[in-house]
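The values are calculated or read from the model by the stated rules, or taken from the named source; none is laboratory data. Being a predicted model, the structure only gives us computed values, none of them experimental. Here the Cβ positions follow ideal geometry from the backbone for every residue, glycine too, while neighbour counts run over all protein chains shown. These accessible areas exclude ligands, DNA and RNA; they are computed on the full protein's heavy atoms, side chains included. Shrake-Rupley method; radii C 1.70, N 1.55, O 1.52, S 1.80 Å.
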Amino acid sequence: MTAPDIAVRRIGREGQPIAIIDAFHPDPDTLRRLAAETAFRPGVHHYPGIRADLPADYLTDVAPVLETALADAFGHEDRMAWIDASYSIVTTPPDRLTLPQRLPHMDAIDLCRIALVHYLSPEDRDGTAFFRHRSTGFETVDQSRSSIYLGQLNAELRHGGAPDPGYVAGSTRLFEEIDRIDARYNRALVYRSALLHSGAIAPDAVLSADPVRGRLTVTAFLSLT
């Protein structure tokens, strides 16, 4: 078993920290096997695909390395609380994406909320990209910025039109890509939920619902208490 490797870096003008953890889980092959035996259901909250329950021991298996990463990246050495965690597979064809799914987004405006993506497809390299909203300059959208950001974005969409159907692919008229983390088998990415981000889904991505063939990940959210 390879020991986890944690790398912390700061991105964009705001210098927000992210943690990249390779060899995140002690047994990713078993996670894939169990995913293939699990019933998936449609995603909620604008997720463009399907989700399923994780093995009961997943959270305890990754807690020690995750706690170290949270301390290294965010200086957090207190308790953490899991909010949600599940297997996830992107399956929605580009021409069927809703407007929110065609834009970078934030998952929460609370800076104590943390997102985690654990990549579990050996052949897939579609990772996660981070963005700056051009007109406001915001890379994170917290409670103090939310109304400003949403008001400006809605005005831009009303006057300039919605983006063409498709997953976000690099910089756009409204957003500048500031960083991109490639997927790698058994790599996890940890970042503040308030960061503007999107899955970096290639135009020729395999959008299969089969956990063996599709973009299998674990997506999770937690709170720094």
Item to complete: Have a look at Ala81, Ala69, Ala115, Ala63 and point out the one that is of a type in the set (A, V, I, L, M, F, W, C), under 13 Å from the mean Cα position of the chain (by Cα) and over 16 Å from Glu14 (Cα atoms).
Response: Ala115
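When the residues of the range 16-48 are narrowed to those that are charged (D, E, K, R) and open to solvent by 50 Å² or more (accessible area, probe 1.4 Å), which ends up nearest to Gly137 (Cα to Cα)? Spell out the reasoning first.
Restricting attention to the range 16-48, the residues satisfying the condition of being charged (D, E, K, R) are 22, 27, 29, 32-33, 37, 41.
Subsequent filtering for residues that are open to solvent by 50 Å² or more (accessible area, probe 1.4 Å) retains 27, 29, 33, 37, 41.
On the way: Asp27: 41, Asp29: 41, Arg33: 43, Glu37: 44, Arg41: 37 Å.
Taking the candidates together, the pick is Arg41.
Here is a check on your reading of the model: is Ala19 within 20 Å of Leu207 (Cα to Cα) and touching a residue at least 12 places away in the same chain (Cβ under 8 Å)?
Details: within 20 Å of Leu207 (Cα to Cα): no; touching a residue at least 12 places away in the same chain (Cβ under 8 Å): yes.
So Ala19 does not fit the description; no.
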Item to complete: Would you mind stating whether Arg51 is open to solvent by 20 Å² or more (accessible area, probe 1.4 Å) and assigned to a helix (DSSP H, G or I)?
Response: no
Worksheet item: Taking only pairs six or more apart or across chains, which ones have beta-carbon atoms under 8 Å, a first residue in the range 139-160 that is under 24 Å from Ile114 (Cβ atoms) and acidic (Asp, Glu), and a second residue that is open to solvent by 30 Å² or more (accessible area, probe 1.4 Å) and assigned to a loop (DSSP other than H, G, I, E, B)?
Response: Glu139/Gly12; Glu139/Arg13; Glu139/Glu14; Asp142/Ile109; Asp142/Asp110; Asp142/Leu111
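From the list Ser171, Ser198, Ser208, exactly one residue is assigned to a loop (DSSP other than H, G, I, E, B), open to solvent by less than 30 Å² (accessible area, probe 1.4 Å) and either of a type in the set (S, T, N, Q) or at positive phi (or both). Which is it? Outline the logic, then answer.
Numbers: Ser171 fails: open to solvent by less than 30 Å² (accessible area, probe 1.4 Å); Ser198 fails: assigned to a loop (DSSP other than H, G, I, E, B).
Being assigned to a loop (DSSP other than H, G, I, E, B), open to solvent by less than 30 Å² (accessible area, probe 1.4 Å) and either of a type in the set (S, T, N, Q) or at positive phi (or both) holds for just one of Ser171, Ser198, Ser208, which is Ser208.
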Worksheet item: With respect to Tyr185, is the statement that it is under 19 Å from Leu99 (Cβ atoms), part of a loop (DSSP other than H, G, I, E, B), at pLDDT 95 or above and not β-branched (Val, Ile, Thr) true?
Response: no
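Go through the range 124-168 and report how many residues are of a type in the set (Phe, Trp, Tyr) and in a helix (DSSP H, G or I).
Here is the first cut: in the range 124-168, the ones of a type in the set (Phe, Trp, Tyr) are 130-131, 138, 149, 167.
After this cut, where a residue has to be in a helix (DSSP H, G or I) as well, the list is 149.
Qualifying residue count, the range 124-168: 1.
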Worksheet item: Is the range 1-15 home to any residue that is surrounded by fewer than 18 Cβ atoms within 10 Å (Cβ to Cβ), β-branched (Val, Ile, Thr) and modelled with pLDDT under 95?
Response: yes
Discussion item. Residue under question is Asp95, and the condition is that it be closer than 17 Å to Val190 by Cβ, surrounded by fewer than 18 Cβ atoms within 10 Å (Cβ to Cβ) and touching a residue at least 12 places away in the same chain (Cβ under 8 Å); does it hold?
Written reply: no
Discussion item. Under 8 Å between Cβ atoms, which residue pairs at least 6 apart in sequence (or on different chains) link something in the range 76-88 that is surrounded by 16 or more Cβ atoms within 10 Å (Cβ to Cβ) with a partner that is among the acidic types (Asp, Glu)?
Written reply: Met80/Glu67; Ser86/Asp53; Tyr87/Asp53
Discussion item. What's the number of the only condition in (1) in contact with a strand residue (DSSP E or B) (Cβ under 9 Å, 6 or more places away or on another chain); (2) hydrophobic (A, V, I, L, M, F, W, C); (3) farther than 19 Å from Gln16 by Cβ that Ile178 fails to meet?
Written reply: (3)
Discussion item. So Asp124 passes all but one of these: (1) of a type outside the set (A, V, I, L, M); (2) modelled with pLDDT under 95; (3) touching a helix residue (DSSP H, G or I) at 6+ places or on another chain (Cβ under 6 Å). Which condition number does it fail?
Written reply: (3)
Discussion item. For the range 133-167, which positions are within 26 Å of Pro17 (Cβ to Cβ), of a type outside the set (Phe, Trp, Tyr) and in contact with a helix residue (DSSP H, G or I) (Cβ under 7 Å, 6 or more places away or on another chain)?
Written reply: His133, Ser135, Thr136, Val141
